[in-house]
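What follows is one structure encoded as structure tokens, with my remarks underneath.
The values are calculated or read from the model by the stated rules, or taken from the named source; none is laboratory data. Note that the structure is a prediction, hence the values are computed from the model and not measured. Here the Cβ positions follow ideal geometry from the backbone for every residue, glycine too, while neighbour counts run over all protein chains shown. When the accessible area is computed, the model is the full protein with side chains, heavy atoms only, and any ligands, DNA or RNA have been set aside. Shrake-Rupley method; radii C 1.70, N 1.55, O 1.52, S 1.80 Å.
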Amino acid sequence: MLVVRSRVFILTLVLGGLVTPRLAAQQSGGETSSQSSSAKKKSTTTKKPTGTTTKKPASTTARKSTSTKKRTTTAKKKHVTPIRVTRVKRAFVASAALKPMARQLLQDRGPAAYAGVENYARAHNDEAGSLAWLVAGYARVLDRQYPAAIEPLKSARAHAGELGDYVDYYLAAAYAGAGDPTHAAAALEGFQTKYPDSLLERDAMVEYAGALVSTGHEQQAIALLEAHRTPARADLELVLGRAYSAAGQPVRAVQTLRRIYFTMPLAAEAADAELLLKPLAGVPGVPPVTFQEQKTRAELLDLARRHTDAILEYRSLLKQAPPEELAGVRVGLAAALYHGGRTYETQQALAGLPPMTGEPDALRLYLLLEMERPDLNRVEQTLSSLRGSYPSSPWLEEALYSAANLYLLRPDYDHAAALYAEMAQRFPTGKYAPYAHWKAAWLSFRLGRNGEARWRFEKQVELYPTSNQVVPSLYWRGRIAEDEHDYARARAYYQKILDRFRHYYYADLASTRLRGLPPSTDPVADPLLDHIPALRPLAGVTNTELPSDDLRAQKSLLLENGALYELAMRELQAANSNGDAPWALAQIAHLYQEQDRYDRALQTLKRAVPGYFGLEIEQLPRPVWEALFPRPWWSDVKKYAAENQLDPYLVAALIRQESEFNPAAVSRADAIGLMQLLPVTGKRMARELNVRRYSVGMLAEPGVNVQLGTRYFRQLVQKFDGKLELALAAYNAGADRVEEWRSSGNFREPAEFVESIPFTETREYVQAILRNAGIYHRLYGTP
């Protein structure tokens, strides 16, 4: 049966020619599209004998000659819009009124919404009507009402135009879902020939092959799929495995299905592959599962954080591992148990491990250190063993990182600084190197060792000029320069922050420090600053206008009229497949906003313009900034911020950091909604505010969530005497921790407290919210 994937398409187009047998001559009842029929007639009437040539009419030749002369004598060339683009634009204009009805249908798919779209379709015997029929059929497919989807999709063929590939694909899906693979195959026959630039080309090939298998043409399916196995796709492999099984080739079937199950364990098709493999296990000639196959699956599952599944695989491996592999499997099991949070079982697994050497032993020692964290003496002993036996192992780097963080939390800055410095020295190119070097520098500064801190801040810029820690290094190196009355150097560092890192957390701090410097000091030309690369030329979204002559751009607008947002976005992604159509990313963000998916719009543009914090407001189009810093539910935000004497832009920045404006967001700790409130906190705030008939589910309602969240945040601001840095840290990590951190040392300025927060997540959280609140103010002015 055809596998229906209505929401997810793979956009990698690697097909050569899609060779399809003609089923019409083999099967009765097959159906072909009107487009296919007309193509056949055209082919029959225009076919010429081999070797003949066709003379062009005189008028055509004359026109070409005239056109050539114009090109040689005229500086400006008149742009001719391709007829396909013109057709799409005409359909877009004709279907403008469909959009609200289509959106309503695809949101709730109720009887009245279906009736509205279908009535519109009946009233429009043109491209607009075909789009409406496509919407109706697509919605039925989403609802798994496959028989009911067939007639609307057949009606959509009449004037489908540039959407014919979508119509045929979903018509095939409807036939397949209704248990009619013959008609499903017929709907997809010749798909590539009719739609050579369709994004569904490869999907259609896989689905067509599935229909071939279901109609007894497995050899044709095998030939088709074998020619297109690169890049590997689990859906293709699954159909190919079915085809080999149906063709009586169990060994090839098993090889194919195992490829999915063991090397693509996260694919949705892995479970289907497992089911198909079971009856083939005892077939003569089928080799048993190898140790390496099962080990690969276990490792991939653990890497993907499917720890429970990984544990089961490792335990199964223990029964069949060869002697030389047993130790590695046992330590792999211990690691999976540890990653899964099963501490007691991890300790048991480690206690029973036999002597071993190499990386398995280094991993064993690292896991042992993690289990020993409460006992610093044992932690140090295990570290010594790792240093002595495996001085270059990545597990020593992990162990140093873990131990340094342990001391940081105590807080024992001396030991923590020494371990961070050791990490940076031993593993200067390791994954923690920039962070480790920075922590050693910062802790030296906090310990009052300014000479060492000065050197380390400067080395941070020199060695890791693109790291996240360059900006704080510049700022705190500037503060040391101020303390040493080297105001010219301090000015140079602060000015560099403003010039290169305009909207970063430390930019406003640097601006404040600059205003406090003696006015006569000019910045020095410090060669250290030359290490910092200039902001790369903006390769992101510099233009939000969709080109009027781009077929995919115009096709996406037409699909948007049908509220077919998923399909429209894939057209735009294809338009930007080479990274040369930034307007497509801005339009994708717009489509997400159309669906109130502000989080997805924000994420799209974050990826498109990763360096936007270094840009001036004028360097990006206004719609891009507004999508990066949106204001949904703004009336509620303003209302409840005012009630709690909070800056509404600070509340918006907090929401942006907590949920990215996704009201349905749920964290790993079960915090819910825009402001990520824990159920117990929400209940307490609701009681204080006398919210009637309150339930936990109401936290997903934007208005209620903001009402309760702003109340809670206001209480934290009051608890910490109006100090926003402390209140924000408490919102993320809890008030008790913040009290402990505040009492751990004297801080000359709020930024020093923020940078001293031992939790990376909380530290970056506070900095991000304060930074983002500033950008909101710059963008929108007075609330």
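The table below lists the values:
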read-out: Unit charges at the beta carbon, dipole of the chain: most positive-side option, A113, A735, F753; value: A113
read-out: Phi to ³J(HN,Hα) by Karplus 6.51 cos²θ - 1.76 cosθ + 1.60 over segment 742-757, Hz, x for Gly, Pro; value: 5, 7, 7, x, 8, 10, 6, 8, x, 4, 5, 5, 4, 5, 8, 4
read-out: Degrees separating the helix 291-303 axis from the principal Cα axis of the chain, which is the longest one; value: 60 degrees
read-out: Nearest-ten-degree value, helix 487-500 long axis tilted from longest Cα axis of the chain; value: 20 degrees
read-out: Per-residue ³J(HN,Hα) for segment 278-285, Karplus 6.51 cos²θ - 1.76 cosθ + 1.60, θ = phi - 60°, Hz, x for Gly and Pro; value: 4, x, 8, 4, x, 6, x, x
read-out: Mean Cβ count within 10 Å, highest first, over the residues of peptides 285-294, 114-123, 644-653, 331-340; value: 331-340, 644-653, 114-123, 285-294
read-out: Set of aspartates and glutamates with alpha-carbon distance to K278 below 19 Å, sequence-local pairs under 8 removed; value: D235, E237, E269, E293, D309, E313
read-out: Dipole-positive endmost among Q619, W634, L654 within segment 619-741 (Cβ charges, Cα centre); value: W634
read-out: Total charge dipole magnitude, segment 467-592, about the Cα centre, Cβ charges on Lys, Arg, Asp, Glu only, Debye to nearest 20; value: 260 debye
read-out: Probe 1.4 Å, all protein chains present, accessible-area order of D499, D272, largest first; value: D499, D272
read-out: Degrees separating the helix 433-446 axis from the principal Cα axis of the chain, which is the longest one; value: 30 degrees
read-out: Protection-proxy order for peptides 570-580, 398-408, 709-719, 613-623, each taking the mean of Cβ atoms within 10 Å per residue, highest first; value: 398-408, 709-719, 570-580, 613-623
read-out: Amide proton proximity set for L677, modelled H, under 5 Å, gap of 5+; value: I672
read-out: Extension gain from E618 to R122, taking 0.36 nm per residue of separation minus the Cα-Cα distance; value: 173.7 nm
read-out: Heavy-atom accessible area ranking, 1.4 Å probe, most first, across W455, W633, W438; value: W455, W633, W438
read-out: Computed magnitude of the charge dipole of the chain (debye, nearest 20; Cβ of K, R +1, Cβ of D, E -1); value: 3140 debye
read-out: Estimated FRET transfer efficiency when R0 is 60 angstrom, pair R536-R315 (beta carbons, to 0.05); value: 0.75
read-out: Whole-Hz ³J(HN,Hα) from phi, Karplus 6.51 cos²θ - 1.76 cosθ + 1.60, for segment 590-605, glycine and proline x; value: 4, 5, 5, 5, 4, 9, 6, 9, 5, 5, 6, 4, 4, 5, 4, 7
read-out: For G110, net neighbour charge (Lys/Arg +1, Asp/Glu -1) across residues whose Cβ lies under 14 Å away; value: 0
read-out: Among Q593, N377, P428 - extreme Cα towards positive end, dipole of the chain, charges at beta-carbon; value: Q593
read-out: Ordering of 664-676, 511-523 by burial proxy (mean other Cβ atoms within 10 Å per residue, highest first); value: 664-676, 511-523
